[in-house]
Amino acid sequence: MLLLVGLGNPGPKYAFNRHNIGFMAVDAIVHRHSFSAERQRFQSLTYDGTLAGEKVIAMKPMTYMNESGRAVGEALRFFKLEPQDVVVIHDELDLPEGKLRIKTGGGAGGHNGIKSIISHIGENFRRIRIGIGHPGTKERERVLSAVLGDFSKTEMKWVEPLLDTIVAEAPMLGEGRFNSFANRVHLALNPPEPKAEKAPKPDKKQNRDIEDSGDK
């Protein structure tokens with residue numbers, strides 16, 4: 001079984017914040033893959049479903065971002081899962097906008113939601129990191145403003161295709177093909193440029209025929 005966790009803050013005023021892209025991804029997956037109606041448990045909204053035949057519990061902690069680990073830890077203990085069974089989708093300041101990367105283990109990288117989860121279940125869980133871009137300064141107020149600001153209309157032009165692609169490739173998560181998932185998302189959003197067709201080589205015989213037909 002897979003515990004699929006989207007990180008964000010509850011409430012309509014946060015719904016389209018850059019910090020809430022984990023919630024947005026989970027919402028898209030459960031809607032398009034016909035998960036159950038939401039249930040309130042584990043201090044979260046949860047949804048039961050399957051991806052590629054694998055049972056999945058999707059959850060959105062309602063604890064606010066900085067206490068996400070309390071909800072994840074509660075669900076992990078209830079289902080008797082290991083940290084390796086947990087996949088967390090979250091925003092990543094240190095990745096360019098729209099870039100997606102997967103990693104297992106490691107530190108929190110300054111992300112308070114990940115820091116909280118590490119404190120409750122350890123660090124050996126998978127993270128799907130979605131780049132939201134960096135404001136270009138470490139000044140706390142500027143960083144908070146960027147993270148807790150809404151996606152602009154211009155940004156939604158990459159957010160929507162990204163979420164659509166995550167949904168389309170989500171069955172790979174159920175299959176445990178995490179690197180393949182990341183590669184497929186990348187290729188779908190960044191298709192290789194078609195190779196230029198080589199010009200046909202001139203037909204030497206035809207050239208000779210043209211030369212021979214001239215006046216002498």
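Taking region 18-50, which residues are touching a residue at least 60 places away in the same chain (Cβ under 8 Å) and of a type in the set (A, V, I, L, M, F, W, C)? Of everything in region 18-50, those that are touching a residue at least 60 places away in the same chain (Cβ under 8 Å) and of a type in the set (A, V, I, L, M, F, W, C) turn out to be ILE21, MET24, ALA25, VAL26, ALA28, ILE29. Residue-level check: of (1) assigned to a helix (DSSP H, G or I); (2) in contact with a Lys or Arg (Cβ under 7 Å, 6 or more places away or on another chain), ILE117 misses just (2). Tell me whether region 163-180 contains one or more residues that are more than 17 Å from the chain's Cα centre (by Cα) and part of a loop (DSSP other than H, G, I, E, B). There is no residue in region 163-180 that is more than 17 Å from the chain's Cα centre (by Cα) and part of a loop (DSSP other than H, G, I, E, B).
In the set (1) outside any strand (DSSP E or B); (2) surrounded by 21 or more Cβ atoms within 10 Å (Cβ to Cβ), ASN66 fails one condition alone, (2). Across region 22-45, what is the total count of residues that are surrounded by fewer than 23 Cβ atoms within 10 Å (Cβ to Cβ) and touching a His at 6+ places or on another chain (Cβ under 9 Å)? Number of matching residues: 0. Looking across region 70-114, just one residue is in a loop (DSSP other than H, G, I, E, B), within 26 Å of LYS55 (Cα to Cα) and of a type in the set (Gly, Ala, Ser), and that is GLY105. Figure legend. Inter-residue proximity from region 1-17: first residues closer than 18 Å to VAL159 by Cα and in contact (Cβ under 8 Å) with a residue 24 or more places away in the chain, second residues acidic (Asp, Glu) and surrounded by 19 or more Cβ atoms within 10 Å (Cβ to Cβ), beta-carbon distance below 9 Å, spacing 6+ or different chains. Indicated pairs: GLY6/ASP27; LEU7/ASP91; GLY8/ASP91; ASN17/ASP91.
Here ILE57 fulfils each of the conditions (1) in a loop (DSSP other than H, G, I, E, B); (2) modelled with pLDDT of 95 or more; (3) hydrophobic (A, V, I, L, M, F, W, C) apart from (1).
The set of residues in region 121-149 being part of a loop (DSSP other than H, G, I, E, B) and either surrounded by 15 or more Cβ atoms within 10 Å (Cβ to Cβ) or touching a residue at least 24 places away in the same chain (Cβ under 8 Å) (or both) consists of GLY122, GLU123, ASN124, PHE125, ILE132, GLY133, HIS134, PRO135, LEU148, GLY149. Is there any pair linking a residue in region 169-194 that is crowded, with 16+ Cβ neighbours inside 10 Å to one that is in a loop (DSSP other than H, G, I, E, B) and not basic (Lys, Arg), with Cβ under 6 Å and at least six apart or on different chains, and which? Short answer, once both residue conditions are applied: PRO171/ALA52; GLY174/ALA52.
Which ones in region 1-41 are in contact with an Asp or Glu (Cβ under 7 Å, 6 or more places away or on another chain), in a loop (DSSP other than H, G, I, E, B) and more than 19 Å from GLU97 (Cα to Cα)? Write out each step before concluding.
Restricting attention to region 1-41, the residues satisfying the condition of being in contact with an Asp or Glu (Cβ under 7 Å, 6 or more places away or on another chain) are 1-3, 16-19, 21-22, 35-36.
Still in the list and also in a loop (DSSP other than H, G, I, E, B): 1, 16, 35-36.
MET1, PHE35, SER36 - these are the residues of region 1-41 that are in contact with an Asp or Glu (Cβ under 7 Å, 6 or more places away or on another chain), in a loop (DSSP other than H, G, I, E, B) and more than 19 Å from GLU97 (Cα to Cα).
Listed by first and then second residue, the pairs with beta-carbon distance under 6 Å, at least 6 apart or on different chains, first residue in region 95-120 and more than 24 Å from THR165 (Cβ to Cβ), second of a type in the set (Gly, Ala, Ser) and not in a loop (DSSP other than H, G, I, E, B), are SER116/SER68; SER116/GLY69; ILE117/SER68; ILE117/GLY69; SER119/GLY69; HIS120/GLY69; HIS120/GLY73. Of the residues contained in region 151-164, none is found to be free of Cβ contacts under 8 Å to residues at least 40 places away in the same chain, farther than 22 Å from GLY109 by Cβ and buried (at least 17 other Cβ atoms within 10 Å of the Cβ).
The values are calculated or read from the model by the stated rules, or taken from the named source; none is laboratory data. No experiment lies behind these values; they were computed from the predicted model shown. Note that we place each Cβ from the backbone using ideal geometry, even for glycine, and neighbour counts take in every protein chain shown.
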